[in-house]
Amino acid sequence: MKQKDLHKESTIIEKTLDIVSETGIKMSVLAKHVGVSPSTLYVYFETKEDLNVLKDLDESTIYAVMSGVATQMINIIKSEKLKLSKKMKKNP
């Protein structure tokens, strides 16, 4: 597996925040802005959803993500969103 470069990870996050919209992000567009191939994005983020959660974060959380805790933060957010989604389905 390719080794992660923290600067590149930060660049991906910054560009994601610059171009992400309400409807999400196209990996090919992000890759072009970052200057990498779409497959390189998946070295840093397992899924497209991992990047989409960034649009919901506040500034202090984004700085934490950029400080090297991206994977942990994204997993927590995804987990909480899943719990909330299940709860909403049970109690509409």
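Determine which aspartates and glutamates satisfy two conditions relative to LYS26: a Cα distance under 20 Å, and not lying fewer than 8 residues away in the same chain.
Cα-Cα hits under 20 Å: GLU9, GLU14, ASP18, GLU46, GLU49, ASP50, ASP56.
Express in nm, to one decimal, how much length is gained between ILE76 and VAL29 on full extension, taking 0.36 nm for each residue of separation and deducting their alpha carbon distance.
Gain on stretching ILE76 to VAL29: 14.3 nm.
Give me the number: length gained by fully extending SER85 to GLN3, i.e. 0.36 nm times residue separation minus the C-alpha to C-alpha distance, one decimal in nm. Kindly include the intermediate steps, with their values, before the conclusion.
Values: separation 82, 0.36 × 82 = 29.52 nm, distance 3.39 nm.
Stretched fully, the SER85-GLN3 segment lengthens by 26.1 nm.
Computed from the coordinates by the stated procedures, all read-outs in this text should not be read as laboratory data. Nothing here was measured: the structure is a model prediction, and the numbers come from that model.
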